[in-house]
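Peer 1: Below you'll find the structure I mean.
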Amino acid sequence: MNLSEREKQVLELIVEELSSQDIAKKLKISIRTVDTHRKNISKKLQTKSLIGLTKHAIRAGMVAGFRYSNRKQP
């Protein structure tokens, strides 16, 4: 499922451990709008936890310094 550019921005800030209030301030939007984006992101990615959102962000290459591989380690 594709995320909008704003949803990607919100997801990146979630992964950086910013609160909804901090995200709202940084993006100059309301907390309610941030919460709506969080809900829509979770729905699109079919996850209900921050861990699931973070896993998606890593797989999508949205987190600097992390690479995702499906290979099993020996």
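Peer 1: Right, Gln73: of a type in the set (S, T, N, Q) and modelled with pLDDT of 95 or more or not?
Peer 2: Considered against the rule, which asks whether it is of a type in the set (S, T, N, Q) and modelled with pLDDT of 95 or more, Gln73 comes out as no.
Peer 1: Output the residue which, of all residues in segment 4-33 that are of a type in the set (Ser, Thr, Tyr) and surrounded by 15 or more Cβ atoms within 10 Å (Cβ to Cβ), is farthest from the chain's Cα centre (by Cα).
Peer 2: For segment 4-33, the residue satisfying everything is Thr33.
Peer 1: While we're on this one: Just wondering, is there one or more residues in segment 34-52 that are polar (S, T, N, Q), part of a helix (DSSP H, G or I), touching a residue at least 24 places away in the same chain (Cβ under 8 Å) and buried (at least 18 other Cβ atoms within 10 Å of the Cβ)?
Peer 2: No, there is no match, as no residue in segment 34-52 is polar (S, T, N, Q), part of a helix (DSSP H, G or I), touching a residue at least 24 places away in the same chain (Cβ under 8 Å) and buried (at least 18 other Cβ atoms within 10 Å of the Cβ).
The values are calculated or read from the model by the stated rules, or taken from the named source; none is laboratory data. Only a predicted model underlies this, so the values are computations on that prediction, with no experimental measurement involved. When we count neighbours, we look across all protein chains shown, and the Cβ atoms used for this are built from the backbone with ideal geometry, even at glycine.
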